[in-house]
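Structure, as structure tokens:
The values are calculated or read from the model by the stated rules, or taken from the named source; none is laboratory data. A quick note: this is a predicted structure, and the numbers were derived from the prediction, not measured. Glycine gets a Cβ as well: all are built from the backbone with ideal geometry, and neighbour counts include every protein chain shown. Only protein heavy atoms, including side chains, enter the accessible area calculation; ligands, DNA and RNA are left aside. Shrake-Rupley method; radii C 1.70, N 1.55, O 1.52, S 1.80 Å.
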Amino acid sequence: MAKPLKKFVSCVILDLDGTLLNTDGVVSEVLKGFLAKYGKQWDGREAQRIVGKTPLEAAAAVVEEYGLPCGKEEFLAELQPVFYAQLCNIKPLPGACRLLKHLSGHGVPMALASNSPRGSIESKISYHQGWKDYFSAIVGGDEVTAGKPSPEIFLEAAKRLNREPSSCLVIEDSMPGVTAGKAAGMEVVAVPSVPKQAHLYTSADEVINSLLDLQPEKWGLPPFQDWIEGTLPTEPWYISGPVIKGFGRGSKVLGIPTANLSPKGHSSLLSEHPSGVYFGWAGLSTRGVYKMVMSIGWNPYFNNAEKTIEPWLLHEFTEDFYGEELRLVIVGYLRPEVNFPSLESLIAKIHEDKRIAERALDLPLYSKHKDDPYLSSSFHSESNHS
Ligand code: ADP
Ligand code: RBF
Ligand code: MG
């Protein structure tokens with residue numbers, strides 16, 4: 001169903017955990033350790049139940065889910081000091097620094113609105129250069145009578161920014177946060193932090209896969225200007241491994257062979273980078289260095305259960321190279337993975353990705369990485385590049 005035209009806004013209210021910061025990574029690590037003490041194994045299945053909750057609600061959910069022999073208060077009291085000691089290890093999510101820099105550079109007022117207590121918010125952002133100065137207002141869960149999904153936190157943030165709720169854009173990863181933003185009468189963009197949940201966020205005005213996909217101009221805010229010929233440059237990142245067997249669909253069903261790498265052993269890299277379509281350079285031991293365009297994710301059209309890493313090397317090979325060591329330098333982002341109404345439209349889109357990547361990789365900005373020693377070091381010796 002077509003949504004009404006988006007409304008223009010004049011300020012942005014951001015959630016912190018799961019939206020700007022990858023807090024879940026640290027939460028998972030801490031919970032894993034604690035549950036081991038109780039003889040239980042953390043499997044991440046309740047991640048969806050704790051995102052967007054207050055700390056006490058989240059503790060209650062874990063105590064209940066695992067049938068722990070303690071009260072929620074007791075569990076939280078035990079957990080909190082360990083969690084607080086880890087705050088310095090929480091990394092910004094992809095696109096977070098870019099978004100904050102962009103909006104602040106254009107003088108767009110910003111506020112933080114989080115269910116976490118104020119002190120914890122301030123402590124978390126203190127580890128990130130310049131973040132404190134980006135926000136004209138910060139509202140914590142301990143400054144209102146009810147946390148999200150109550151609209152109170154967002155209404156208080158608007159008040160402190162001196163704006164009407166209707167001219168605020170909320171950016172949120174959690175369901176309670178989206179509910180709160182809509183109840184406050186604000187425009188809401190959802191960036192779900194739990195994969196494959198996008199379809200559940202029906203009340204959001206827009207659902208995006210990562211902050212890299214936000215288009216501020218849709219809301220009357222200044223557009224990003226860092227896209228170059230349809231590509232978004234990223235800090236180069238590196239991934240390698242032997243080429244493994246996939247579902248055998250690439251060549252047979254799409255006419256597009258992809259040299260799959262195993263996602264195993266790459267979980268931290270994969271959590272740092274959103275699923276989507278990327279491009280860069282591929283080095284194949286004994287053969288050479290080639291342009292490549294790749295998809296990382298669940299292939300929504302086929303709805304895979306496990307994430308795949310699938311580079312298409314832009315070169316005609318006369319034979320397969322399963323088992324050979326493949327090294328990738330990823331230099332830019334193209335788009336999120338999406339579903340398509342037909343196989344033909346999926347194929348057409350991948351060919352368009354190819355044309356964009358092929359052209360962009362000739363730009364000096366990207367072509368210089370062709371000579372990265374990482375791509376060919378395996379021709380001569382083992383490398384410990386990470
Ligand atoms: P799978 O599902 O096993 O990955 P594909 O149909 O995607 O099967 O075919 C991929 C295989 O085809 C690669 O592992 C590689 O050995 C071979 N191949 C041949 N040409 C290419 C190319 N240009 N890019 C990627 N892989 C290629
Ligand atoms: N699959 C999707 O379901 N949606 C996509 O948007 C998508 N984009 C892709 C882009 C590129 C450059 C490549 C190489 C593949 C993409 N795929 C996408 C994955 C495709 O479905 C997959 O390669 C086949 O299923 C073979 O495993
Ligand atoms: Mg493949």
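Things to note:
- Estimated FRET transfer efficiency when R0 is 22 angstrom, pair residue 8-residue 106 (beta carbons, to 0.05): 0.95
- Taking every protein chain into account, the 1.4 Å probe leaves residue 217 with about 80 Å² of accessible area, to the nearest ten.
- Converting phi to 3J(HN,Hα) with the Karplus coefficients 6.51, -1.76 and 1.60 and the offset θ = phi - 60°, region 113-128 yields 9, 9, 6, 5, x, 3, x, 5, 4, 5, 5, 4, 6, 5, 7, 10 Hz in sequence order, with x at every glycine or proline.
- Selection among 193, 141, 302 by position relative to the dipole of the chain gives 302 as farthest towards the positive end (Cβ unit charges, Cα centre).
- Prolate/oblate/rounded call for region 318-362, Cα gyration tensor, a/c under 1.5 rounded: oblate
- In straight-distance terms, cross-link reach from residue 6 covers every one of the lysines whose alpha-carbon lies under 19 Å from its own, apart from those fewer than eight places away in the same chain; here that gives 182, 218.
- Reachable aspartates and glutamates, given that their alpha-carbon falls under 12 Å from the alpha-carbon of residue 264 and they are not under 8 places away in the same chain: 306
- Excluding same-chain neighbours fewer than eight residues apart, the aspartates and glutamates reachable from residue 307 by a Cα-Cα span under 12 Å are 337.
- Positive-pole candidate from 13, 243, 329, dipole of the chain, charges at beta carbon: 13
- Taking all protein chains into account, the per residue accessible area for the chain stands at 46 Å² (1.4 Å probe).
- Placing pseudo-labels 7 Å out from each Cα toward the beta carbon at residue 36 and residue 324 gives an inter-label distance of 4.0 nm.
- Sorted largest first, extent of the chain alpha carbons per principal axis (Å): 67, 52, 40
- Largest-first principal axis extents, alpha carbons of region 87-157, Å: 32, 28, 19
- For region 232-384, a crude dipole built from +1 on the beta carbon of Lys and Arg and -1 on the beta carbon of Asp and Glu, taken about the Cα centre, is about 220 debye to the nearest 20.
- Percent accessible area from carbon and sulfur atoms, region 73-138, protein chains only, probe 1.4 Å: 53 percent
- In region 23-85, Rg over Rh equals 0.90, where Rg is the alpha-carbon radius of gyration and Rh the Kirkwood radius from pairwise Cα distances.
- Surface calculation, 1.4 Å probe, protein heavy atoms: residue 101 sits at approximately 130 Å² accessible.
- Whole-Å distance, taken between Cα centres, linking region 55-110 and region 290-364: 34 Å
- Around the amide H of residue 188, modelled in the peptide plane, lie the amide H atoms of 170, 205, 206, all under 5 Å away and 5 or more residues distant in sequence or on another chain.
- Rounded to 5, percent antiparallel among DSSP beta bridges of the chain: 65 percent
- Counting charges near residue 145 (Lys, Arg +1; Asp, Glu -1) among other residues having Cβ under 12 Å from its Cβ returns a value of -4.
- Neighbours of residue 25 by Cβ distance under 14 Å: Lys/Arg scored +1, Asp/Glu scored -1, total -2.
- Euclidean distance of C-alpha centroids, region 111-137 and region 264-282, integer Å: 28 Å
- The label point for residue 343 and the one for residue 235, both projected 7 Å from the Cα toward the Cβ, are 4.1 nm apart.
- Once you divide the Cα radius of gyration of region 246-386 by 2.2 N^0.38 Å, the number left is 1.02.
- Computed about the Cα centre, the dipole magnitude for the chain is approximately 360 debye when only Lys and Arg (+1) and Asp and Glu (-1) carry charge, each at its Cβ.
- Fraction of accessible area attributable to carbon and sulfur, region 232-384 (%, probe 1.4 Å): 52 percent
- Above-threshold pairs, the threshold being 18 Å between Cα atoms, out of 32/196; 91/132; 7/132: 32/196; 7/132
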